[in-house]
Every structure is written in C-alpha cells, then in structure tokens.
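The values are calculated or read from the model by the stated rules, or taken from the named source; none is laboratory data. A quick note: this is a predicted structure, and the numbers were derived from the prediction, not measured. Virtual Cβ from ideal backbone geometry, glycine too; neighbours counted across all protein chains shown. These accessible areas exclude ligands, DNA and RNA; they are computed on the full protein's heavy atoms, side chains included. Shrake-Rupley method; radii C 1.70, N 1.55, O 1.52, S 1.80 Å.
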Amino acid sequence: TVEGSVEYMACNVGQCMPPETVEFTINVIGDEKSDNNDDVAATTTSENGGKNNSLLRIFLLGFLSGLIALVTPCIWPMIPVTVSYFLKSSKDKKRGIRKALAYGISIVIIYVLLGLGITLIFGADALNSLATNPWFNIVFFVLFLLFAIAFLGGFELTLPSSWVNKMDSKADKTGGFLGIFFMAFTLVLVSFSCTGPSIGSLLVEAVIRGALAPFIGMLGFSLALAIPFTLFAIFPSWLSSLPKSGGWLNSVKVVLGFVELGLALKFLSIADLTMHWRILDRETFIALWIVISVLLGLYLLGKLKFKHDSDLGHISVFRLFLSIICFSFAVYMLPGLWGAPLQS
C-alpha cells in the first residue's frame, strides 16, 4: 500500500484558487480488476479527504472568528450582564442554567440559518462564481474597506434601530424558549457592528469551499459565541475572573480594522489581475501590506492613537510580542519589492 499527499492549485490566466492538499492511498498489489477498483477507491478517498480537510479548516476559521468577535466591545460586556440576568430572574440555579443553555442554542440556530440561507438563495455554483468574479471582488473590496474604516473609528456600523427595538419588544412579550430566542436575536442585531466584518470575512472564504462550507463556518462561529454564555451560567464564580471592560476592547477593534484593510487589498488585487488594470501590481501590493504591518506595529506600541482609544500607561508583554510579529512580517516582505519570492 502506497500512501501520500498531493498539494495543487487550480489556475487560469488571471488568478489561482487557494491551494488544496489531498491525501491518497493506493494498493499496488493485485490483479488487473482489483487494481482498477483500488484506483477508484483511492480517487474517492482523496476527494473525500480533501473536502473533509477543507470543511475542517472552515470550521476552525469560523470558531477562531467567533472567539475574536467575542472579545469586542459589543459582546464582551454582555456576558456578565446576560448571565446575571438569567440567574437572578430564575427561581433556582438549574432553571437559570437551562435559560442560558437555551440562549446559547438560539445563537447557534440564528447563525447556522444564516449560513444555510446564503447557500439556498444563491446556490453553491453561483457562490463559487461570485468568489472569482472581478466585479464582485470589487464589491468585497469596498465592503471590507468600509468595515476597516468602521473598526478604526471612522463611523459606527449599526443596523436600523427599529429592528433591534422590535426584537427586544418580542423578547419581553413572549415567554419561554421563544422569548429567549428573541433575546438572542437582539444580541445578534446589537453586536452587528463588531460581528459583521468577521462574518463577512468568513462567508467570503467559505463560498469557494463548497455548498456545506457556509453552514460549517457559521456553526463554528456561533459555537464560539454561545459556549461562554452557557459555561459562565453553569459556573458563575468564573465571572469574577473575567478581565474588566476597558480600552483594550477598542484596541481589539482597531487591530481587526488593520486586518480588514489588508484583506480588502487582497480582493482588489484579484480583480486587478483578472481585468489586467495594472493598478495594484505585485510591488504595490507588497508595499501597501508593509505599510499596514508597520502602522499596526506602531499602534500596538502606543505610537498611534485613534478616536476611541484610551491613554496607554504602559505596554503589556502581549502587545510587545504582537508588535514584534508585525515588524518582522514587514521586514520579511521587503525583499519582495525587488522580485524575491515570498511564500504564502
């Protein structure tokens, strides 16, 4: 039996899809008939393995995006408030835990339905075409640019207040699980200014991975948001160990703003390569990423200050290490300005 893996990329004249790694197993001993069957089995195994690995990556990316969204100003302060509400409004602790569990399940249902809805409305083939279409990549560029400006404090990204008020009133009027579901829906709407960019980034990455990818991505994202609410309701003493809300939450948003800015350039470069505009060639793209990385490093060191930032008395070790990573990344990309190969 021969086992191995193949890493490949599918390309056209304008661009390449992200690389895939596919594992295979081939039985080299047997008669002609069994060899043919083994070839079919090996092909099926490699295809299924590639799809499973792709979906696993999307799930992990969704879970990581959810954890990042969790530590933003829109959601982090809501954890102790929501958990305390469930525990105090219940006659006993077990009832409070059940409410918190229902709240977490509702969050998962809402986001998973969003992922399923996108696939059902557009279809897997259409989503894949959109992901490689230059004009839709320009739309993604503008969208991510707006997300970046919002995270950097340029404006507040919110959904219509009437939506939030309507969900909130339904949560008050409706009892039981349905009332808790509307409470979760209210959280989803209120936190859109922080979760919207993460969800957008995740869905854009998911649409090129197949029909199930948006569902899997949203499942990972919602689990990362829902699990803390349930765990802190079961173990309320953990609430005292949570870091207090403060300026560090806005710092998370600003860092995400720089990341969204880099992602926006990626989509513009895909459209530029496909349409042969030569606006964002390789050297320009690398130069912009170097500038973004350096500015992010300076921000982490406290040399840049944005609208909602609080005064930074000292630099934590964590911020120092993040700034070192940013500056090292910028130095790593410098040779690329003169044509040196850069590994993705």
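Across the stretch 230-254, which residue is farthest from Ala150 (Cα to Cα) among those that are among the small types (Gly, Ala, Ser) and open to solvent by 80 Å² or more (accessible area, probe 1.4 Å)?
Among residues in the stretch 230-254 that are among the small types (Gly, Ala, Ser) and open to solvent by 80 Å² or more (accessible area, probe 1.4 Å), the one farthest from Ala150 (Cα to Cα) is Ser237.
Please find, within the stretch 10-40, the residue that is modelled with the lowest pLDDT out of those that are under 30 Å from Asp272 (Cβ atoms) and loosely packed, with under 11 Cβ neighbours inside 10 Å.
Applying the filter and picking the extreme gives Val13.
State which residue pairs qualify: first residue over 20 Å from Pro214 (Cα atoms) and among the small types (Gly, Ala, Ser) and inside the stretch 177-203, second residue part of a helix (DSSP H, G or I) and at pLDDT 75 or above in any location, beta carbons under 6 Å apart, and separation of 6 or more residues or different chains.
Correct list of pairs: Ala184/Tyr103; Ala184/Ser106; Ala184/Ile107.
Going by the conditions given, is Lys307 open to solvent by 100 Å² or more (accessible area, probe 1.4 Å), at pLDDT below 85 and not in a helix (DSSP H, G or I)?
In short, yes.
Among the residues of the stretch 330-344 satisfying the criterion of being part of a helix (DSSP H, G or I) and without any contact (Cβ under 8 Å) to a residue 40 or more places away in the chain, which is least open to solvent (accessible area, probe 1.4 Å)?
Pro335
Suppose we filter Val294, Val259 for residues that are under 22 Å from the mean Cα position of the chain (by Cα) and in a helix (DSSP H, G or I); which single one remains?
Of Val294, Val259, the one residue that is under 22 Å from the mean Cα position of the chain (by Cα) and in a helix (DSSP H, G or I) is Val259.
Looking for something surrounded by 15 or more Cβ atoms within 10 Å (Cβ to Cβ), modelled with pLDDT of 75 or more and outside any helix (DSSP H, G or I) - is there at least one such residue anywhere in the stretch 165-186?
No.
Listed here are the residues, each with its yes/no results for (1) acidic (Asp, Glu); (2) part of a loop (DSSP other than H, G, I, E, B); (3) more than 28 Å from Ser106 (Cβ to Cβ).
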{"residue": "Ser198", "(1), (2), (3)": "no, no, no"}
{"residue": "Ala224", "(1), (2), (3)": "no, no, no"}
{"residue": "Ile227", "(1), (2), (3)": "no, no, no"}
{"residue": "Ser237", "(1), (2), (3)": "no, no, no"}
{"residue": "Ser240", "(1), (2), (3)": "no, no, no"}
{"residue": "Leu249", "(1), (2), (3)": "no, no, no"}
{"residue": "Asp272", "(1), (2), (3)": "yes, no, yes"}
{"residue": "Ile279", "(1), (2), (3)": "no, yes, yes"}
{"residue": "Gly302", "(1), (2), (3)": "no, yes, yes"}
